[in-house]
Each structure stands twice: as structure tokens, then as C-alpha cells.
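Reading through the C-alpha cells given below for one structure.
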Amino acid sequence: MTRETREAYLLGAERAVHLLAAEEVARRWGDESVLPGMTVGGLAGHLARSVLQVEWFLDGETVGTEPVSPVRYYARLVGTASPDSALNVGVRARGEETAAAGPAGVAEQAHAAWHRLSQRLGREPADRRVAVLHRPGEEMLLEGYLQTRCVELAVHLEDLALSVGAHCQTPEATLAIAVDVLVAAARDRHGDQAVLHALARRERDTGQALRVL
């Protein structure tokens, strides 16, 4: 599965790079996005980080701790539905920090990182680990981390496209991985019975079991 995951990630990242360079994004950089409290620029910065961070994590130091799975990476998140949660405040802050480079700068950085990764990922071994820099001491297998980036790309490609009125669809391979990870995270967080209700008996879905992000 490693090769397929890396290819799916690179396809999604390439689509993000193209969208970040779109005229519509630069023109509406300071406008509010479809995500309340987040500008188009901040959302673009957040999307770009799904390309930039892969390099940063690959270059981080690993020490051999038990790797976190992509399912647990999402299942353990708290405050995803609250705009004022520490999680979402941090996401917006990091997005705006990246956006400070401006639309051209963000697009150029993302394109350069994607180009390097398209060469680098194929050389990384199947058991390659990366350091989760925003959670000191944590590590993930590279494949697992790329699966989380497929989630972020799938979700935020659509967010940014809708924010600026651009036509941009997530590649099917990227989208399939995103759905698999998020459904598995929902099962981990709520249990199979609750997920079954969300899928087949919505009147009994009292906890929005399929809502992970």
C-alpha cells in the first residue's frame, strides 16, 4: 500500500499547488473564507502546510517511540466543532503565519516543496518514520502521516475552491484514503453501533458519530 499512498498524496498535493496559484485565490486573499473566522489567505496557508509540513516532518529527529496511527491521530482530537477551541485557534494561527508570505510566496513555496517531495518520497523506505513536530516526542510512520495529509487535502481543497468560486476536485485516490481514515476514526471514537446509526438510522444518530472534524 505504501506506493499507492504516496502516489495518492502527491496527486492531491499537486492539485493543491495548482489551486494555490490560481488568480481567484490571490484576488480574494483578504476575504473571509467559507470557514467562519478564517480568511482565504489563512485557509490557503493551512492547505499549503499539507505540502510544506511533510518536508518539515521528514527532516525532524526521530527517537523510535511507538508510532501513532492515522486513525488515532484524528480520533483523539477534541474541540473540532468549536471555532474557539484551542485546536481551531491554533489551526487559524498557523495558517495565517504561513499566509504572511503572500499569495505568490505561498504558491511558490508549496510548488517547490511538492516538486522536491515528488522525487524524495519514492526513495524513502517502507518503514520510514517522521517526527510529529507540533506534538514533541510523537512519531508516525510516513505512510500513516501521508494518509492524514490526504484527509487535509481532500477537506481543504474543497473549502478553498468554494471560498473563491474555483472549480477544483480532489483526485479520487486521495479522496478514497481520506474517507477510509475518517470513517475508521469515527469507529474508534464512537464505536460501530453509533456509526451504523449514522449510516443507516440517522434518527438514532444522537452524537453525530460520523463527524470527526
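The values are calculated or read from the model by the stated rules, or taken from the named source; none is laboratory data. Quantities reported herein were computed from a predicted structural model and do not represent experimental measurements. Please note: Cβ atoms are built from the backbone with ideal geometry, for glycine as well, and neighbour counts cover all protein chains shown. Side chains included, ligands, DNA and RNA excluded: accessible areas come from the protein's heavy atoms. Shrake-Rupley method; radii C 1.70, N 1.55, O 1.52, S 1.80 Å.
Observations, loosely collected:
- Where the Cα pairs of segment 17-126 fall when distances are cut into 5 Å bins, in %: 2, 11, 17, 20, 18, 16, 11, 4, 1, 0
- Length gained when the stretch Glu172-Ala93 is fully extended (0.36 nm per residue, less Cα-Cα span): 25.4 nm
- Inter-probe distance in nm under a simple model that places probes 7 Å from Cα toward Cβ, at Ala112 and Leu133: 1.4
- Note on Arg201 and Arg72: their simple-model spin labels are 3.1 nm apart, each label 7 Å out from Cα toward Cβ.
- Sorting 52-60, 37-45 by their mean Cβ neighbour count within 10 Å, with the most densely packed peptide first, gives 37-45, 52-60.
- Cα-Cα pairs of segment 1-62 separated by more than 15 Å (percent): 60
- Scanning the chain for DSSP H helices at least 20 Å long along the axis (C-alpha atoms) with a Kyte-Doolittle mean no lower than 0.0 picks out 40-58, 142-164, 172-190.
- Geometric descriptor of segment 133-213, per residue, is 139 Å³ (volume of the convex hull of the Cα atoms).
- Inter-site label distance for Gln193 and Ala126 at 7 Å from Cα along Cβ, in nm: 3.9
- On a per residue basis, the chain carries 50 Å² of accessible surface, using protein heavy atoms and a 1.4 Å probe.
- The chain - Rg and Dmax from Cα coordinates, angstrom: 17.0, 49
- Helical mean residue ellipticity (222 nm; -39500 (n - 2.57) per DSSP H run of 4+; nearest 500) of the chain: -20500 deg cm²/dmol
- Dipole-positive endmost among Leu11, Leu35, Pro136 within the chain (Cβ charges, Cα centre): Pro136
- Cβ-Cβ distance of Glu55 and Gln208, R₀ of 41 Å, FRET efficiency by 1/(1 + (r/R0)^6): the value works out to about 0.75.
- The protection proxy used here, the mean number of other Cβ atoms lying within 10 Å of each residue, ranks peptides 22-30, 118-126 as follows, highest first: 22-30, 118-126.
- Packing-based ranking, highest mean first, of 90-101, 6-17 given that Cβ atoms within 10 Å are counted: 6-17, 90-101
- Of all accessible heavy-atom area on the chain, the percent that carbon and sulfur account for (1.4 Å): 52
- Residue of Leu153, Leu162, Leu20 that the Gaussian network model of the chain assigns the largest fluctuation, springs spanning Cα pairs under 10 Å: Leu162
- Its residues counted as N, segment 30-92 yields a C-alpha radius of gyration over 2.2 N^0.38 Å of 1.36.
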